[in-house]
Amino acid sequence: MPPWSDILEVLTLQTYNTRLVVLSTSLLGIAAGLVGAFLLLRKRSLMGDALSHATLPGVAIAFAVMVSLGGTGKSLPGLLLGATISGVAGIVTMLLIRNTTRLRDDVAMGFVLSVFFGIGVASLQMVQNIPGASAAGLESFIYGKTASMVHSDFILIAVVAGVASLVSLALTKEFLLLCFDDGFAASQGWPTLMLDMALLGLVTAVTVIGLQAVGLILVIAFLITPPTAARFWTNNLVPMLFLSAGIGGISGWLGASISALTPQLPAGAVIVLVAAALFLISMLFAPARGVIPRLVRQGRLRRKVDRQHLLRAAYEILESMASDDETRNIPLPMDALQGMRTWTPHQLGKILRVARREDHLEPAVPGMIRLSEPGFGEAARVTRNHRLWESYLINYADIAPSHVDRDADMVEHILGADLVSELEADLDSRDIVLPVPPSPHPIQTEPRAEA
Amino acid sequence: MHTESLNTQSSFPPKNTEPRPEHPPEVPLAIHDLTVAYHRKPVLWDIELNIPEGKLVGIVGPNGAGKSTLLKACLDLIPKTSGWAHIYGKPYRKARHRVAYVPQRESVDWDFPVSALDVVAMGAYRRLGWFRRVNKAETERARNALDQVGIAHLADRQISQLSGGQQQRVFLARALMQDADLYLMDEPFAAVDAATEQAIVKLLRTLSAQGKTCLVVHHDLATVTTYFDWLVLLNMRVVASGPAEETFTRENLQKTYGGKLNLLEKAAEALGHSID
């Protein structure tokens, strides 16, 4: 591992050799994040892939043309111009296939991707054999290579990335409409074809300037991974755009830095791997749509449901134990509790432990449990909500009283305060006794027979 | 000099004796000789249709009758093989500002990173034009539109967290934003809850009371005569068009829905295969 001082120098862009590379991949990442977000939302990711593969023949042909004109053939702007032309030719071929045949889009894209890439590989071999010209290094456009960047290359990449970013930000509203509902957009007179071409143009621009650093195979990952990762964090487009640009920029910056510090690692691959790591983190931990926060929320809801079931069971037992109309908080036998629901002794033990931790239970003699004061209050509230909901189901949804218990069981836990007050107002108007109305169906408090 | 000015006064400008009509006298939607084909297979044949102003029009017909296609052809979303459709006497591209379109709910991906309010605000994009962002005034209008369809409280909710009925109401609110005179709605009643259905009916009646014209593709034959006052029965051609009570007859329905494989359909099949 390189020393910390080197790492710091590279990350803060102080080393001249790596400054241009790291800066250009960062800018590239920002542009790719912005443009890629719209490409993803337009559901055209595969088209980007076909486009990048279709650039290869152009690189080889541009080299041959430049050599025949007397140059070395290694001028980056010339090679990228060739790449652009053949990339656009690939897209046009694809559109022609789609519009003149009934082949599906994915077939057309797969065809263009493989055929153009094949032509590219073959023509690279052919230009290797041009006498007096060295085509060595051209194949770096396939996998990407950052070491050969000079100052003018950097300017080209920075300008194109900057313009692509600005254009996609300026057209945010128009692209949003196009991506969400192109039929509506067209009916409103927006030139959807032109907007689609503008979007593809931006994708082409980012792809082409990404060829040198990331390579044509991996550039699609640079376009797609940041917005996909960003989507996990937010449900709104504008924050998603900025997050995507940020993730793309950080991937380019970190990836190129790591590659600069460990020269055996190619930049393109490292950049994509950094982006993939950020994607993985987003997928797992993002609060809005991440996997783990969702599991946590589900677990929390399950525990809440268990707790409410326990409290209601306890309350209903206490009701049946009361000699007069008033339900009092007295110790009650565990066996009765066990019989109220289909809990295994193990499950019940776990639920009771949680309830104790939340101060819903007080210490009692073995075999008995006793609700605490707040626990008893909560039990009354939970039972009340359940009964309110049951009455509603019987009176409005025409559900048989024998069925409402199960239905209410599913809904009661998510009753918000507003729904409860609505139910109350409704029941109030029909003179139903509060605070805890009687159950509209018989409650079975005897222990159930073992299955 | 003196006589001249007198002269001018008496003859120019000419006295306007008749009040100008609020709208041009043209009908909201006039279709003539319209034929539409997908891959040479005709889906609509020789459509002749005149929709009177201020009516609630139901378009009814079996699956594949070309109901959505008819709307899309009027909106220039698909090419016409022949014929024309005029909106208030003009081709669609010159009458866009007077038309609001509500596509089928399934035509878009509802897991999209926008809120209900964002979608409704799209109805203002044409007014805003290129590059201009949605401003305060338009946001306020969008909130009002959501209020009109009864879901103002869901303005900031992400659209995937809305029920089907609520999503449909968002689409209707977006159409309201356009402040149009002619509303083309593609199956707004498809798979919505009863409350939404009532809300849509109420909205349609309000629009109609304001003199707007609504064309609604509809599936439920049981409700056509209660919801609509004009009916178009469609099955690749116009079977009947007229006031709902007169048009909704057993004979017309038989013609629209009966006889699955009629000659027209066979001919269309043959044309569709003619270049395969």
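The values are calculated or read from the model by the stated rules, or taken from the named source; none is laboratory data. These figures come from a predicted structure and were not determined experimentally. FYI the Cβ positions are ideal-geometry reconstructions off the backbone, even for glycines, and counts take in every protein chain you see.
Taking segment A:1-81 as the region of interest, the helices (runs of 4 or more DSSP H) fully inside it that hold 1 or more residues being modelled with pLDDT under 85 are A:4-11, A:16-41.
Just checking, how many residues over segment B:77-96 are more than 18 Å from B:Asn50 (Cα to Cα) and either in contact with a Lys or Arg (Cβ under 7 Å, 6 or more places away or on another chain) or among the polar types (S, T, N, Q) (or both)?
Start the filter on segment B:77-96 by keeping residues that are more than 18 Å from B:Asn50 (Cα to Cα), which leaves B:77-79, B:81, B:93-94, B:96.
Subsequent filtering for residues that are either in contact with a Lys or Arg (Cβ under 7 Å, 6 or more places away or on another chain) or among the polar types (S, T, N, Q) (or both) retains B:78, B:81.
Residues flagged as more than 18 Å from B:Asn50 (Cα to Cα) and either in contact with a Lys or Arg (Cβ under 7 Å, 6 or more places away or on another chain) or among the polar types (S, T, N, Q) (or both) within segment B:77-96 amount to 2.
Filtered by the rule that a residue be part of a loop (DSSP other than H, G, I, E, B) and at the interface with another protein chain (Cβ under 9 Å from one of its Cβ atoms), segment B:127-152 gives B:Trp130, B:Phe131, B:Arg132, B:Arg133, B:Val134.
Do we have any residue at all in segment A:194-212 that's in contact with a Lys or Arg (Cβ under 6 Å, 6 or more places away or on another chain) and within 12 Å of chain B (Cβ to nearest Cβ)? Spell out how you get there, then give the answer.
Step one: of segment A:194-212, the residues in contact with a Lys or Arg (Cβ under 6 Å, 6 or more places away or on another chain) are none.
Looking through segment A:194-212, none of the residues is in contact with a Lys or Arg (Cβ under 6 Å, 6 or more places away or on another chain) and within 12 Å of chain B (Cβ to nearest Cβ).
State whether the residues of segment A:225-248 include one that is under 21 Å from A:Leu79 (Cα atoms), small (Gly, Ala, Ser), in contact with a Ser or Thr (Cβ under 6 Å, 6 or more places away or on another chain) and more than 10 Å from chain B (Cβ to nearest Cβ). For segment A:225-248, residues under 21 Å from A:Leu79 (Cα atoms), small (Gly, Ala, Ser), in contact with a Ser or Thr (Cβ under 6 Å, 6 or more places away or on another chain) and more than 10 Å from chain B (Cβ to nearest Cβ): absent. For the residues B:Leu117, B:Leu154, the requirement of being under 17 Å from B:Gln168 (Cβ atoms) and over 25 Å from the mean Cα position of the chain (by Cα) singles out B:Leu154.
Counting only residues that are farther than 27 Å from B:Arg157 by Cβ and either out of contact with any helix residue (DSSP H, G or I) (no Cβ under 9 Å at 6 or more places or on another chain) or among the aromatic types (Phe, Trp, Tyr) (or both), segment A:255-289 holds 2 of them. In the set (1) within 34 Å of the chain's Cα centre (by Cα); (2) surrounded by fewer than 19 Cβ atoms within 10 Å (Cβ to Cβ); (3) among the β-branched types (Val, Ile, Thr), the condition left unmet by A:Ile91 is number (2). Selection of first residues in segment A:63-78 that are on the phi > 0 side of the Ramachandran plot and of second residues that are among the aromatic types (Phe, Trp, Tyr) and at pLDDT 90 or above, restricted to Cβ pairs under 6 Å at least 6 apart or on distinct chains, gives the following pairs, ordered by first then second residue: A:Gly73/A:Phe63.
This table checks each residue for (1) hydroxyl-bearing (Ser, Thr, Tyr); (2) buried (at least 19 other Cβ atoms within 10 Å of the Cβ).
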| position | (1), (2) |
| --- | --- |
| B:Pro62 | no, no |
| B:Gly66 | no, yes |
| B:Gly83 | no, no |
| B:Tyr101 | yes, yes |
| B:Gln104 | no, no |
| B:Ala116 | no, yes |
| B:Ala121 | no, yes |
| B:Ala124 | no, yes |
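Identify, from the list A:Ile271, A:Ile209, A:Ile224, A:Ile247, the residue that is under 16 Å from A:Phe38 (Cβ atoms) and crowded, with 24+ Cβ neighbours inside 10 Å.
Step by step, each of A:Ile271, A:Ile209, A:Ile224, A:Ile247 is checked, and only A:Ile247 is under 16 Å from A:Phe38 (Cβ atoms) and crowded, with 24+ Cβ neighbours inside 10 Å.
Residues in segment B:71-126 that are among the aliphatic types (A, V, I, L, M), facing chain A (nearest Cβ under 8 Å) and closer than 30 Å to B:Pro42 by Cβ: 4 in all.
The listed residues are A:Leu337, A:Leu295, A:Leu348, A:Leu310, and the only one of them that is exposed (fewer than 13 other Cβ atoms within 10 Å of the Cβ) and assigned to a helix (DSSP H, G or I) turns out to be A:Leu295.
Rundown of residues vs (1) within 28 Å of A:Gly82 (Cα to Cα); (2) over 26 Å from the mean Cα position of the chain (by Cα), yes/no style:
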| site | (1), (2) |
| --- | --- |
| A:Asp181 | no, no |
| A:Ala186 | no, yes |
| A:Thr192 | yes, yes |
| A:Ile220 | yes, no |
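One residue stands out among those in segment B:235-270 that are of a type in the set (Ser, Thr, Tyr) and assigned to a helix (DSSP H, G or I): the one that is modelled with the highest pLDDT, which is B:Thr247. Being of a type in the set (D, E, K, R) and touching a residue at least 24 places away in the same chain (Cβ under 8 Å) is the filter here, so list the residues in segment B:107-117 that pass it. The answer is B:Asp111, and nothing else.
Among the conditions (1) touching a Phe, Trp or Tyr at 6+ places or on another chain (Cβ under 8 Å); (2) within 18 Å of B:Leu49 (Cα to Cα), B:Thr256 misses just one, which is (1).
When the helices (runs of 4 or more DSSP H) confined to segment A:142-189 are screened for residues that are at the interface with chain B (Cβ under 7 Å from one of its Cβ atoms) and either surrounded by 19 or more Cβ atoms within 10 Å (Cβ to Cβ) or free of Cβ contacts under 8 Å to residues at least 40 places away in the same chain (or both), those reaching at least 2 such residues are found at A:172-180, A:182-187. Checking each residue in segment B:198-234 for being surrounded by fewer than 19 Cβ atoms within 10 Å (Cβ to Cβ), touching a helix residue (DSSP H, G or I) at 6+ places or on another chain (Cβ under 8 Å) and outside any helix (DSSP H, G or I) picks out only B:Asp229.
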